[in-house]
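> Starting off with a structure, shown below.
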């Protein structure tokens, strides 16, 4: 599975996508040929406690679009397609003028004890993490991270989804800026409060203990809790 990330960022951290534009973006995304699923991420309406609040509120809007293979993803990134319009915020005035980046990555999914959302879940919350890189030795980095960190993530209480994304080469004709972060992660919970409870547990100490064992890398990392909306392809 391939994931395409597209991120709309405001350097001031103040702008947000409006509700009408979010609905319009969801309709556009549902019409993308070959897409298996779309995830739309928006900032929390009220902040919650988590260990990396200093990283800020996060982007104004982020997309994760899943494709069954790289060829389907690349086909969707043609200069005349829906994604090209999204990249320039066509018809989405609340996103106009923002910094827009994109990256295609391999999706690595890991099992959780219970992937079913609790009754009453309305808007799940994802914890988006990225490592810009680079690492001194990417193979050593990936080996350590994939062999150690997911098994700790799996012990977070009520985690519903764990995915890790790693780099690939891809081609596109999008007008937005390409980025090549060495890794992204995403954990999903039932709500921002559930995420805060999990990250306030003692599991975070195990995560930190493993962090100091990571092979050498530059660029630090960023962590953003984001409300999550799932979009299915339009039949």
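> For the stretch 47-160, what relative contact order do you get, as a whole percent, if you take Cα pairs closer than 8 Å and at least 6 residues apart?
Computed over the stretch 47-160, the figure is 23 percent.
> Please compute the length gained on full extension between residue 115 and residue 27, using 0.36 nm multiplied by the number of residues separating them and subtracting their Cα-Cα distance.
Numbers: separation 88, 0.36 × 88 = 31.68 nm, distance 2.62 nm.
Value of the extension gain: 29.1 nm.
> Treating each Cα of the chain as an identical point scatterer and ignoring solvent, apply the Debye formula and state log10 I(q)/I(0) at q = 0.08, 0.11, 0.13, 0.15 Å⁻¹.
Relative scattering, expressed as log10 I(q)/I(0), comes to -0.28, -0.55, -0.78, -1.07.
> Right, next: Could you tell me the center-to-center distance, by alpha carbons, between the stretch 161-192 and the stretch 1-71 in angstrom?
Going from one Cα centre to the other spans 11 Å.
> Give me the one-decimal nm value for the distance between modelled label points at residue 140 and residue 234, 7 Å along each residue's Cα-to-Cβ direction.
5.0 nm
> Here's a follow-up. Can you give the extra length, in nm with one decimal, that the chain gains between residue 173 and residue 37 once fully stretched, where that is 0.36 nm per residue apart less the Cα-Cα distance?
46.8 nm
> Just rank 210, 113, fewest to most, by other beta-carbon atoms within 10 angstrom.
Exposure proxy ranking, most exposed first: 113, 210.
> Let me ask you something else. Report relative contact order for the chain in percent, whole number only (criteria: Cα-Cα under 8 Å, sequence separation at least 6).
Relative contact order, the chain: 32 percent.
> Summing -39500 (n - 2.57) over the DSSP H runs of n ≥ 4 in the chain and dividing by its residue number, what mean residue ellipticity at 222 nm do you reach, to the nearest 500 deg cm²/dmol?
Details: 6 runs with 58 residues, N = 235.
Only helices count here, giving -7000 deg cm²/dmol.
> So how far apart, in nm, are the two label points at residue 212 and residue 107 if each is 7 Å from Cα heading toward Cβ?
3.6 nm
> Rounded to the nearest angstrom and ordered from largest down, what semi-axes does the equivalent ellipsoid of the stretch 2-72 get from its C-alpha gyration tensor (root of 5λ)?
Square roots of five times the eigenvalues give 26, 15, 10 Å.
> If you don't mind, there's one more thing I want to ask. Give me the angle, in degrees from 0 to 90, between the Cα long axis of helix 19-30 and the longest principal axis of the Cα atoms of the chain, rounded to the nearest 10.
For helix 19-30, the angle is close to 90 degrees.
> Hey, fewest Cβ within 10 Å first, where do 144, 223, 18, 130 land in order?
Details: 144 16, 223 19, 18 13, 130 22.
Arranged by neighbour count, lowest to highest, 144, 223, 18, 130 become 18, 144, 223, 130.
> Could I have the simple spin-label model distance between residue 47 and residue 79, label points 7 Å from Cα toward Cβ, reported in nm to one decimal?
4.3 nm
> Which part of the stretch 31-73 falls in the paramagnetic zone of residue 205, meaning amide N under 19 Å from the point 7 Å along Cα-to-beta-carbon?
Answer for this model: 50-52.
> Measure nothing but the geometry: give the 0 to 90° angle between the long axis through the Cα atoms of 138-153 and the longest principal axis through the Cα atoms of the chain, rounded to 10°.
The two axes meet at around 70 degrees.
Every read-out reported here was derived from the displayed coordinates using simple, explicitly stated rules and does not represent laboratory data. For clarity, every value in this text was computed on a predicted model and none was experimentally measured. Neighbour counts run over all protein chains shown; Cβ positions are idealised from the backbone, glycine included.
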